[in-house]
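The values are calculated or read from the model by the stated rules, or taken from the named source; none is laboratory data. This is a predicted model, so every value here is computed, not measured. Quick reminder, even Gly has a Cβ in these numbers, built from the backbone with ideal geometry, and neighbours come from all protein chains shown. Ligands, DNA and RNA are excluded from the accessible area calculation, which covers all protein heavy atoms including side chains. Shrake-Rupley method; radii C 1.70, N 1.55, O 1.52, S 1.80 Å.
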Amino acid sequence: MSDTIAAIATGSALTAIGIIRLSGERAIEITNRVFSAQNGIAMTDCEDRRLVYGKACNSRGELLDYCLCTVSRAPSSYTGEDTAELQCHGSPVVLRAILNSLFDAGARQAAAGEFTKRAFLNGRMDLTQAEAVTDLIHAETEEMAKNAAGQLGGSICRKTDAVYDSLKAISAHYHAVLDYPDEDIDPFELAEYSATLRHAEQSLEMLLQTFERGRLMQAGISTVILGRPNVGKSSLLNALLGYERAIVTNIPGTTRDTISERVNLGGVLLRLIDTAGIRDTADPLECMGVERSLAAISEAELALVLVDSSQDLCEEDFEIIKSAETVRHLIVVETKIDLPEADGARSDFGLGADSVVRVSSMTGEGLSTLGEAVSLIFSSKEDVSQGEILTNARHADAVSRALGAIRLSREAMDLMHTPDIVLSEAERAMSALGELTGRTVRDDITSEIFSRFCVGK
Ligand code: GDP
């Protein structure tokens, strides 16, 4: 038996429509105490998934809002329990008043992620799918959203379940022969399963290989903005942040002298680091800044090297582009193109760069071309909507342990060890794979995963 939880699912900001959801044994009965349909039919008698117009009132019968209501009964609902949803006007005051009335009628406040946790516990989704829910909500690029949507559809468990089932078949055969010696079961020949183990190994290897890309996709491409003082580094950073401000967040813990921001540029998530200038200096504070800049360069995947198009190139520009030689990808950005161009030749500057782009942070000209240049380097060439890119470190860790155990199992087989040794490793692999989907995961880990969700999801 489950108590009935309720929460505002649409956050605390003022919106056109706000949704309150309930789940649990009394969800429909409690909703019926607060909401009355205009057609006079009680929600307890209303059919599933029909949208009904009516009004919500508090326990004293005072009108709170006109809204739409829908119910879904167990087991065919998101959580697998009886659920109800109220679509109200999105004022935080109205929503809070309706929620309080639902509490008065017997519901309690849902904890973070509690709806999805119930869906998981009731077998409506596995753990990788539940985690995809929060990945989808927090996706910062279309690519991340597509991959998360694919994982919500069960792409990870489809791969790992196939491996799990093939290992289970070996184990089941071995134990059947051992436990029922008198039955007419085919004798257990370990060598017959060599191909199964090899196939399992290959399949997990391929999955694990996707994590490098997934990690970058999730964390953002570490990008340094380099250039001599006044070339326009901060202006470019600000222009890019303003460019798609809605999906920009500060990364906490950045230092005073290197600013780091996440920005979606050309559909690719970049972690932009505006470094303090790199130049010889005696000032100890500036020295620290330079050291940090050099460290940022050594870790960067992409360098944007800025040169001022309104001024002739100088020695310092060449030194800076040299300092970026170790970075895997380089884009030369000519800045301030709204100003008259300097006469000096610059054709050989940035010869080794992936591309040269001309921008004005002042007018915004060229920023979309910069986005295209980034996209050309980093956008996935393959289709991510299948959700087959591992992005979650917990998943990668479980797959890696499963792969390690399968390799040991194969080694034991090659060394002609007894079946029980080979199988104990295969079973360790199954246990690691079970953690992925939640079959064998510990309760505290599950709780930790769901605590990262939003309330109402
Ligand atoms: P930083 O020292 O490299 O970070 O350079 P800033 O971003 O602080 O810019 C230095 C100066 O150049 C400031 O006065 C900016 O207003 C100016 N500036 C930067 N970008 C542009 C641009 O695209 N067009 C024009 N006309 N001025 C710019």
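Restricting the search to segment 194-233, which residues are within 16 Å of the ligand (Cβ to nearest atom) and hydroxyl-bearing (Ser, Thr, Tyr)?
If the condition is that a residue be within 16 Å of the ligand (Cβ to nearest atom) and hydroxyl-bearing (Ser, Thr, Tyr), then Thr223 is the only one that fits.
Kindly establish whether Leu167 is touching a helix residue (DSSP H, G or I) at 6+ places or on another chain (Cβ under 7 Å) and closer than 27 Å to Val268 by Cβ.
So Leu167 fails the test.
Identify all residues within segment 106-141 that are among the β-branched types (Val, Ile, Thr) and within 12 Å of the chain's Cα centre (by Cα); write none if there are none.
Hits for segment 106-141 are Thr128, Val133, Thr134, Ile137, Thr141.
What tally of residues in segment 383-402 results from selecting those that are hydrophobic (A, V, I, L, M, F, W, C) and part of a helix (DSSP H, G or I)?
Number satisfying all stated conditions: 5.
Given the criteria away from the ligand (no atom under 16 Å from the Cβ), touching a helix residue (DSSP H, G or I) at 6+ places or on another chain (Cβ under 8 Å) and more than 20 Å from Arg439 (Cβ to Cβ), does Ala139 qualify?
Criteria met by Ala139.
Look at Ile331 and say whether it is surrounded by 17 or more Cβ atoms within 10 Å (Cβ to Cβ), of a type outside the set (D, E, K, R) and modelled with pLDDT of 90 or more.
yes
When you scan segment 1-73 for strands (runs of 3 or more DSSP E) that lie fully inside it, which ones turn up with 2 or more residues that are closer than 19 Å to Gly90 by Cα and open to solvent by 10 Å² or more (accessible area, probe 1.4 Å)?
17-23, 52-57, 63-72
If the Cβ limit is 8 Å and pairs must be 6+ apart or interchain, which residue in segment 317-343 that is on the phi > 0 side of the Ramachandran plot pairs with which residue that is open to solvent by less than 60 Å² (accessible area, probe 1.4 Å) and within 16 Å of the ligand (Cβ to nearest atom)?
Lys336/Gly232; Lys336/Asp308; Lys336/Ser309; Lys336/Ser310; Lys336/Ser360; Lys336/Ser361
I'd like to verify a number: residues in segment 334-358 that are more than 16 Å from the ligand (Cβ to nearest atom), charged (D, E, K, R) and open to solvent by less than 70 Å² (accessible area, probe 1.4 Å), how many?
Looking only at that region, the number is 1.
Here is a check on your reading of the model: is Cys69 modelled with pLDDT of 95 or more and touching a Phe, Trp or Tyr at 6+ places or on another chain (Cβ under 7 Å)?
The answer is yes for Cys69.
Name the pairs: first residue in segment 219-234 and β-branched (Val, Ile, Thr), second residue more than 9 Å from the ligand (Cβ to nearest atom) and in a helix (DSSP H, G or I), Cβ to Cβ under 7 Å, at least 6 apart or on different chains?
Pairs found: Ile221/Phe378; Val224/Ala296; Val224/Ile297.
For Ser76, which of the numbered conditions (1) closer than 30 Å to Gly387 by Cα; (2) hydroxyl-bearing (Ser, Thr, Tyr); (3) in contact (Cβ under 8 Å) with a residue 40 or more places away in the chain; (4) in a loop (DSSP other than H, G, I, E, B) fails to hold?
(3)
More than 16 Å from the ligand (Cβ to nearest atom) and at pLDDT 90 or above: is that true of Glu301 in this structure?
Yes, satisfied.
For segment 82-125, give me each residue that is out of contact with any helix residue (DSSP H, G or I) (no Cβ under 6 Å at 6 or more places or on another chain) and charged (D, E, K, R).
Glu85, Arg96, Asp104, Arg108, Glu114, Arg118, Arg124
Can Gly404 be described as farther than 24 Å from Leu265 by Cα, open to solvent by less than 80 Å² (accessible area, probe 1.4 Å) and modelled with pLDDT of 95 or more?
Here the answer is yes, as Gly404 does meet what is asked.
Please work out which residue is farthest from the chain's Cα centre (by Cα), limiting yourself to segment 368-377 and to residues that are within 16 Å of the ligand (Cβ to nearest atom) and either without any contact (Cβ under 8 Å) to a residue 12 or more places away in the chain or open to solvent by 10 Å² or more (accessible area, probe 1.4 Å) (or both).
Thr369
Take the residues in segment 316-328 that are surrounded by fewer than 20 Cβ atoms within 10 Å (Cβ to Cβ) and farther than 20 Å from Val263 by Cα; name whichever of them is nearest to the ligand (Cβ to nearest atom).
Here the answer is Glu316.
Are there strands (runs of 3 or more DSSP E) fully within segment 196-284 with at least 1 residues that are open to solvent by 30 Å² or more (accessible area, probe 1.4 Å) and at pLDDT 90 or above? List them.
Where strands (runs of 3 or more DSSP E) fall fully within segment 196-284 and carry at least 1 residues being open to solvent by 30 Å² or more (accessible area, probe 1.4 Å) and at pLDDT 90 or above, they are 268-274.
Can you spot a residue in segment 115-128 that is open to solvent by less than 30 Å² (accessible area, probe 1.4 Å), of a type in the set (Gly, Ala, Ser) and not in a loop (DSSP other than H, G, I, E, B)?
Yes: segment 115-128 contains one or more residues that are open to solvent by less than 30 Å² (accessible area, probe 1.4 Å), of a type in the set (Gly, Ala, Ser) and not in a loop (DSSP other than H, G, I, E, B).
Among Ser361, Ser380, which is among the hydroxyl-bearing types (Ser, Thr, Tyr), away from the ligand (no atom under 16 Å from the Cβ), assigned to a loop (DSSP other than H, G, I, E, B) and in contact (Cβ under 8 Å) with a residue 60 or more places away in the chain?
Just one listed residue meets the conditions, Ser380.
Could you list, in sequence order, the residues of segment 209-237 that are touching a helix residue (DSSP H, G or I) at 6+ places or on another chain (Cβ under 7 Å) and of a type in the set (Ser, Thr, Tyr)?
Within segment 209-237, Ser222 is the sole residue that qualifies.
Does segment 418-438 hold any residues that are free of Cβ contacts under 8 Å to residues at least 12 places away in the same chain and more than 24 Å from Ala191 (Cβ to Cβ), and which are they?
Residue satisfying the conditions is Ser431 alone.
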